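Structure, as structure tokens:
The values are calculated or read from the model by the stated rules, or taken from the named source; none is laboratory data. Model, not experiment: these values are computed from the prediction. Glycine gets a Cβ as well: all are built from the backbone with ideal geometry, and neighbour counts include every protein chain shown.
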């Protein structure tokens, strides 16, 4: 691999460190009774923002409380990210395409698994509602990506800074791989 391709891989790996500084995902809730809105952020190792207030509101519709301590992903995700950063930097140093392919597949595969896991948590929280709740609503799945209405709340879900950085890391890794393949084919 050329130095420029190795640099792309190193930048991609280092971008992943943003998860330790910024949130991965963000939920914004807006309703007439909350004109300033409510926000909940999901980090690599915690859930932040106005979680206590969101849990109070969820109680009214029968959704169980969001308890970060009950989410094992928040305990092991930091180690996975560190492993991806270290292995990505090793790929950049060694400069072998086979290693780059393996790293890209791990990075993308773990990203997809993470999004699927997140969706399954959302579906579980929204479809297992307490029938004794003060307000009865039909089961639902909060949005993984996008905006929808739930009663009088507009609920928006989008990647936050670290989430976009992780997507960018995947795009840079793919670009590095494509450039290396192109360079090899041009040299032949």
| said: Please verify whether residue 141 is touching a helix residue (DSSP H, G or I) at 6+ places or on another chain (Cβ under 6 Å) and without any contact (Cβ under 8 Å) to a residue 24 or more places away in the chain, treating the condition exactly as stated. | reply: yes
| request: Output yes when any residue across the stretch 119-129 is buried (at least 17 other Cβ atoms within 10 Å of the Cβ) and touching a helix residue (DSSP H, G or I) at 6+ places or on another chain (Cβ under 7 Å), and no when none is. | output: yes
| note | Checked against (1) in contact with a strand residue (DSSP E or B) (Cβ under 9 Å, 6 or more places away or on another chain); (2) assigned to a loop (DSSP other than H, G, I, E, B), residue 133 satisfies every condition except (1)
| task | Quick one: residue 176 ticks every box in (1) part of a helix (DSSP H, G or I); (2) out of contact with any helix residue (DSSP H, G or I) (no Cβ under 8 Å at 6 or more places or on another chain); (3) modelled with pLDDT of 95 or more except a single one, so which number is it? | result | (2)
| Here are 108, 186: which of them is over 30 Å from residue 61 (Cα atoms) and in contact with a helix residue (DSSP H, G or I) (Cβ under 6 Å, 6 or more places away or on another chain)? | 108
| Filtered residues of the stretch 148-185 (kept if over 23 Å from residue 121 (Cα atoms), surrounded by fewer than 20 Cβ atoms within 10 Å (Cβ to Cβ) and over 24 Å from the mean Cα position of the chain (by Cα)) | 178, 179, 181, 182, 183, 184, 185
| message | Please list, ordered by residue number, the strands (runs of 3 or more DSSP E) wholly in the stretch 1-96 having 1 or more residues that are free of Cβ contacts under 8 Å to residues at least 12 places away in the same chain, touching a strand residue (DSSP E or B) at 6+ places or on another chain (Cβ under 6 Å) and surrounded by fewer than 18 Cβ atoms within 10 Å (Cβ to Cβ). | response | 34-42
